[in-house]
Structure formats: C-alpha cells, structure tokens
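Read through the structure below, which is laid out as structure tokens, and then see the notes.
Only the coordinates and a few stated rules stand behind these numbers; no lab work does. This one's a predicted model, so the numbers in the text were calculated from it and none came from an experiment. Cβ: placed from backbone, ideal geometry, glycine included. Neighbour counts: every protein chain shown.
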Amino acid sequence: MAFLPGVALADWKPVERIEPYTISGSTALDLYRSIGERGPKLGVRRVIAYTDFKLTWRRDYQPRDDGACVLASAKPKLIITYRLPEVSGSLPPQTQAAWERFSDGVRTHERVHGEIITDMVKKIETVSVGLRAENDPGCRKVRAKLQEHLGRLSEEQRQRSREFDRVEMGDGGNVHRLVMEFINGDRQRSN
C-alpha cells in the first residue's frame, strides 16, 4: 500500500467513558449476586462488565484527473464505553479491600478490550489512507474496496476479544481467579 506524502496517521486518541451501574451488599457474595441481577446484558445473560464503542469517520475521497479515486484522509472519532459495577454505600474494611482488588482486576480486563478496539481503528486508518481505485470517477469502487477491509478488520477485532475472554474466563484465567478469590476470600475472612 502506498501512503500519501505528508499524511499523518494516528494523530487522534479514543475518548474513554465509564458508565457505572450500581450494586449493593455488605459481603463479596452479596455484591457478586447484585452484579448478577444488575450487570449489563450481553445477549440473554448478564455480565460483570462490558466494553462497547461508537466509531464514526470523516473521510475525504478525492477523484483524480486520471479517473481514479483516492481516499486522501480518514479521521476516526472513537468513543469507548466501559460498563462497570460501582458499589453504593460503604463496605466493611475486609470486604472493601476485596472489592478494590476485584474491581481493579475487572477494570484492567476491560481496558484490554479497549486496546483491542483501538488497535482495530488504527488498522482501519492504515488501510484507508491512500486507498485507490482506478477508473472510479464517482468514488464507488474505492468505497467498496474499503468495505472489504472493514469487514475483515472488524471480524479480527471480535475474534481477538472472544479469544481474550475465553482465556481470561476459563478455569484458572485472570477473571475466573478474580471472581473465586473475591467470593472465597471474603467468606474465609468472615468465618
């Protein structure tokens, strides 16, 4: 792929937002049950946390004198939203400490999803800028070429996220371990 001279890529940053949902309880088990009742829905089930995004573009398609069309620039606007649990009220000290470890781990996990999304947008930008189609005075062919890349890169992002979750949530994975330590650690301290 040829790049246009003087075109700067990745001069943007994603906007990151946290959209909390409220949970309550006085023990780790109570809090985890509250997550199960109030967590964001993903399909038919509720999850602990979820990362979503909105992506829009400003693209500059330029017809050339030779009949070709070039995508001269593509500026993304990426908003990543992390839906995370937030405890209402105060907690006993031992539960508060367990909650902070659990919550920090969940945040770290969701941030990786944000990095995977950001990486996809950078890849889209890279294949977009300078994309050219010959004999395309209406810039339709170059748009179609771009769509082929978008589908592939979007599927790659979804696959990376699924694989990351599979590892993290499987037996012994970081999220699985976080949940077990959170629930069992609090129970062991309260016995």
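Results, tabulated for the structure shown:
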read-out: Gain in span if fully extended, residue 22 to residue 154, counting 0.36 nm per residue against the direct Cα distance; value: 44.4 nm
read-out: Net charge dipole size for the chain [Lys, Arg +1 and Asp, Glu -1 on Cβ; Debye, nearest 20]; value: 400
read-out: Extension gain from residue 86 to residue 37, taking 0.36 nm per residue of separation minus the Cα-Cα distance; value: 16.3 nm
read-out: Computed E for residue 107/residue 66 - FRET, C-beta separation, R0 41 angstrom, nearest 0.05; value: 0.20
read-out: Pairs of alpha carbons in the chain whose separation is greater than 20 Å (percent); value: 63
read-out: Crossing angle, helix 93-128 versus the chain [Cα axis fit, 0-90 degrees, rounded to tens]; value: 10
read-out: Helix axis angle, 174-190 relative to the chain longest principal axis, alpha carbon, degrees; value: 20
read-out: Under 9 Å, Cβ to Cβ, from residue 72 - net charge with Lys/Arg +1 and Asp/Glu -1; value: 0
read-out: Förster radius 30 Å - calculated FRET efficiency between residue 12 and residue 94, Cβ distance, rounded to 0.05; value: 0.10
read-out: At q = 0.12 Å⁻¹, base-10 log of I(q)/I(0) for region 89-191 (Debye sum, equal scatterers on each alpha carbon); value: -0.59
read-out: Cα long-axis angle, helix 28-38 against the chain (0 to 90 degrees, to the nearest 10); value: 40
read-out: Gyration tensor (Cα) of region 84-141, equivalent ellipsoid semi-axes in angstrom; value: 49, 11, 5
read-out: Spatially proximal lysines relative to residue 13 (Cα-Cα < 21 Å; intrachain offsets below 8 disregarded); value: 54, 75, 77, 122, 123
read-out: Extension gain from residue 167 to residue 56, taking 0.36 nm per residue of separation minus the Cα-Cα distance; value: 36.9 nm
